[in-house]
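The values are calculated or read from the model by the stated rules, or taken from the named source; none is laboratory data. All figures in this text were calculated on a predicted structure; none of them were measured in a lab. When we count neighbours, we look across all protein chains shown, and the Cβ atoms used for this are built from the backbone with ideal geometry, even at glycine.
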Amino acid sequence: MNISQLLQQKFRDALVAIGAPENSPAPLSRSTRPEFGEYQFNGAMALAKVLRQKPRDIAEKIVEAVELEGIANQLEIAGPGFINIHLAPEWLARQLETAAQSSRLGIDTEQPKTVIVDYSSPNLAKEMHVGHLRTTIIGDAVVKALEFMGHNVIRQNHMGDWGTQFGMLLAHLNDKLQANQVAETALSDLEDFYREAKVRFDEEQGFADRAREYVVKLQGGDPQCMQLWQQFIDVSIAHSEEVYHKLNVSLTRKDIMGESAYNDDLANVVKELKDKGIAVEDQGAQVVFIQELADKEGNPAVYIVQKTGGGYLYSTTDLAAMRYRSFTLNADRNLILTDARQALHFKQTEIVGRKAGFIKPEQSYEHCPFGMMLGSDGKPFKTRSGGTVKLVELLDEAVERSAVLIASRVSDLDDVQREEIARKVGIGAVKYADLSKNRTTDYMFNWDSMLSFEGNTAPYLQYAYTRVQSIFRKAGIDSQQTHANIQLNEAQERLLAVKLLQYIEAINQVTAEATPHVLCSYLYDLASLFMSFYEACPILKDGIATQVKDSRLMLAALTGRTLKSGLELLGIEIMEKM
Ligand code: ARG
């Protein structure tokens with residue numbers, strides 16, 4: 001249980017004790033200013049009407065009734081009936097000592113749920129571009145946080161490896177192989193390859209017809225065509241894997257469950273929708289009219305599951321995927337991370353899928369949308385010539401830029417160490433800049449701010465971690481072996497202690513809402529509090545009493561461990577020195 005859950009429980013009991021109706025809301029929030037304590041209970045106001053009493057009188061009764069002996073040392077009523085909770089320093093100290101004993105910082109795992117996370121999911125016809133950055137790294141952070149809490153996470157890389165565009169690509173690949181090229185060379189640059197195929201499709205006599213033949217062959221499972229397709233897919237997957245590796249993302253081949261995997265099930269999906277009367281024929285196509293999403297005139301939204309001529313769509317595949325995840329993988333929760341432009345698609349898919357029973361009522365279907373990455377001009381991020389930016393190139397540039405930065409810092413590191421640090425800082429900066437923004441909004445990509453050592457950035461946090469480590473190096477102590485009693489006499493010590501204990505609250509929010517930025521803000525606050533603690537509360541200076549020194553070392557060690565753990569969940573690498 002985290003602190004806010006514990007307090008909430010105590011206040012719920014108090015509400016029952018003062019005769020409030022069962023299940024009355026028990027709103028609790030973190031205080032915004034230290035003078036108001038650490039938490040605030042705001043449940044008295046809402047009860048005034050129900051209990052026909054003044055909110056402040058109710059607040060007084062709650063304060064009487066709530067059992068926080070030993071946990072809080074002061075409860076004060078403020079304004080119309082807020083209750084400010086000041087936690088007892090001794091209690092905080094004991095909590096932290098317990099946390100320090102455990103390898104998991106005192107965090108208990110939760111009742112495990114099966115959570116499917118559909119993320120990254122690039123289209124294999126092309127190279128991964130910046131549009132896939134957000135889903136890949138936000139998804140990976142969410143996955144790691146869920147696993148940290150003990151959930152059974154099943155990654156699903158729903159790669160776009162099927163569809164009519166492959167006809168043109170396979171025809172072109174076939175010709176290259178006939179001309180004695182090997183697939184790896186022919187496909188070394190997927191963007192160029194795609195462009196060449198498209199030019200031939202548009203201009204070359206007879207090529208478009210051959211491309212269409214390939215589509216038919218592919219759909220019919222023609223062995224030679226399937227082999228060609230497999231070659232294409234393998235090379236393209238290898239390109240994605242290179243990006244995953246550079247990004248320090250946990251996806252592997254095992255996690256790939258591409259669109260092609262559902263191919264054999266698409267006819268069944270449509271049949272079942274027809275049998276249940278959910279899909280109907282309309283101008284030769286099979287469609288679902290969604291009344292729930294009707295426009296102002298009352299015209300229902302039209303959701304096509306099979307085109308005139310028999311072709312299936314993105315939506316048909318997503319319905320098949322939904323059914324597979326619900327009934328074969330037994331998902332409790334389904335998370336899908338794509339950009340916000342697909343929000344309507346998933347809303348419609350959920351409505352149709354629930355009607356069809358492709359997902360059980362108790363299983364969640366959570367589309368987690370995100371905004372776009374914008375250039376400094378406020379427009380979608382592009383190369384100078386207006387093309388899409390390849391992810392690999394962006395990451396290489398990040399490392400180059402960070403190397404220049406690291407080279408300019410005075411330190412006793414050798415070239416190999418510097419190179420390693422430059423990589424961790426560069427990649428960390430790109431990832432963190434993205435992860436730290438609320439995912440639902442667009443954000444502006446800016447090299448200078450993401451690589452800054454000040455502010456809410458990866459370098460700042462990586463640096464904060466090295467600061468902690470340097471204290472232990474100087475003291476000649478292993479930070480992992482530090483065990484002492486904690487005493488919280490100074491304000492900065494208390495603030496840091498409370499923050500450390502709130503780590504789990506941050507993770508709980510990340511897993512519930514798929515919002516890694518909450519963890520980023522948490523780590524940034526923690527690092528900032530540590531810096532001011534370190535300034536105000538000297539540790540290794542002469543004349544500091546041993547007990548005080550040991551207690552402060554404990555706080556430093558816990559800060560280091562929490563930063564390390566949090567950055568690990570975000571997929572940001574750390575170092576001992578920089
Ligand atoms: N391949 C799609 C794209 O690049 C994303 C797929 C997301 N997942 C899904 N189940 N539709 O936009």
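Please go through region 238-267 and give me each residue that is buried (at least 18 other Cβ atoms within 10 Å of the Cβ), more than 18 Å from the chain's Cα centre (by Cα) and more than 16 Å from the ligand (Cβ to nearest atom), ordered by number. Those that are buried (at least 18 other Cβ atoms within 10 Å of the Cβ), more than 18 Å from the chain's Cα centre (by Cα) and more than 16 Å from the ligand (Cβ to nearest atom): none in region 238-267. Taking the listed residues Gly378, Gly426, Gly387, the one that is closer than 28 Å to Ala145 by Cα and either modelled with pLDDT under 95 or touching a helix residue (DSSP H, G or I) at 6+ places or on another chain (Cβ under 6 Å) (or both) is Gly426, with no other qualifying.
Looking only at residues in region 354-375 that are more than 30 Å from Ile278 (Cα to Cα) and not hydrophobic (A, V, I, L, M, F, W, C), the one that is modelled with the highest pLDDT is Gly371.
Summed over region 209-218, the residues that are crowded, with 18+ Cβ neighbours inside 10 Å, touching a residue at least 24 places away in the same chain (Cβ under 8 Å) and not β-branched (Val, Ile, Thr) give a count of 4. For region 324-347, the set of residues classified as more than 8 Å from the ligand (Cβ to nearest atom) and charged (D, E, K, R) consists of Arg325, Asp332, Arg333, Arg341, Lys347, listed by residue number.
Apart from one condition, Ile107 fits all of (1) aliphatic (A, V, I, L, M); (2) at pLDDT 95 or above; (3) closer than 16 Å to Gln509 by Cβ; the exception is (2). Only residues that are more than 13 Å from the ligand (Cβ to nearest atom) and part of a helix (DSSP H, G or I): list them for region 348-375, please. Once the filter is applied, which keeps residues that are more than 13 Å from the ligand (Cβ to nearest atom) and part of a helix (DSSP H, G or I), region 348-375 yields Ile351, Val352, Arg354, Lys355, Ala356.
In region 369-382, the residues that are free of Cβ contacts under 8 Å to residues at least 12 places away in the same chain reach residues that are in a loop (DSSP other than H, G, I, E, B) with C-beta atoms within less than 6 angstrom, at least six apart or across chains, in these pairs: Pro380/Met372.
So that you can scan it fast, the table gives a plain yes or no per residue for (1) surrounded by fewer than 20 Cβ atoms within 10 Å (Cβ to Cβ); (2) under 20 Å from Ala20 (Cα atoms):
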site	(1), (2)
Val50	yes, yes
Arg56	yes, yes
Val66	no, yes
Gln74	yes, no
Ala78	yes, no
Ile83	no, yes
Leu87	no, no
Trp91	yes, no
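Looking across region 550-578, the residues that are aliphatic (A, V, I, L, M) and over 15 Å from Thr466 (Cβ atoms) come down to Leu553, Met554, Leu555, Leu558, Leu569, Leu570. The set of residues in region 546-578 being at pLDDT below 95 and aliphatic (A, V, I, L, M) consists of Met578 alone.
Kindly provide the set of residues from region 150-163 that are more than 15 Å from the ligand (Cβ to nearest atom) and polar (S, T, N, Q), ordered by number. Within region 150-163, just Asn152 meets the criteria.
State whether one or more residues within region 400-407 are surrounded by 21 or more Cβ atoms within 10 Å (Cβ to Cβ) and either touching a strand residue (DSSP E or B) at 6+ places or on another chain (Cβ under 6 Å) or part of a loop (DSSP other than H, G, I, E, B) (or both). Checking region 400-407: not a single residue is surrounded by 21 or more Cβ atoms within 10 Å (Cβ to Cβ) and either touching a strand residue (DSSP E or B) at 6+ places or on another chain (Cβ under 6 Å) or part of a loop (DSSP other than H, G, I, E, B) (or both). Of all the residues in region 432-452, those that are among the polar types (S, T, N, Q) and closer than 17 Å to Leu247 by Cα number 1. Residue check: is Lys499 over 30 Å from Tyr365 (Cβ atoms), in contact with a helix residue (DSSP H, G or I) (Cβ under 8 Å, 6 or more places away or on another chain) and either touching a residue at least 60 places away in the same chain (Cβ under 8 Å) or not acidic (Asp, Glu) (or both)? When the stated conditions are applied, Lys499 passes them. Scanning region 316-334 for residues that are surrounded by 20 or more Cβ atoms within 10 Å (Cβ to Cβ), of a type outside the set (D, E, K, R) and part of a helix (DSSP H, G or I) turns up Thr316, Thr317, Leu319, Ala320, Ala321, Met322, Ser326. Of the helices (runs of 4 or more DSSP H) lying entirely inside region 41-132, those containing at least 3 residues that are away from the ligand (no atom under 16 Å from the Cβ) and within 26 Å of Lys564 (Cα to Cα) are 89-101.
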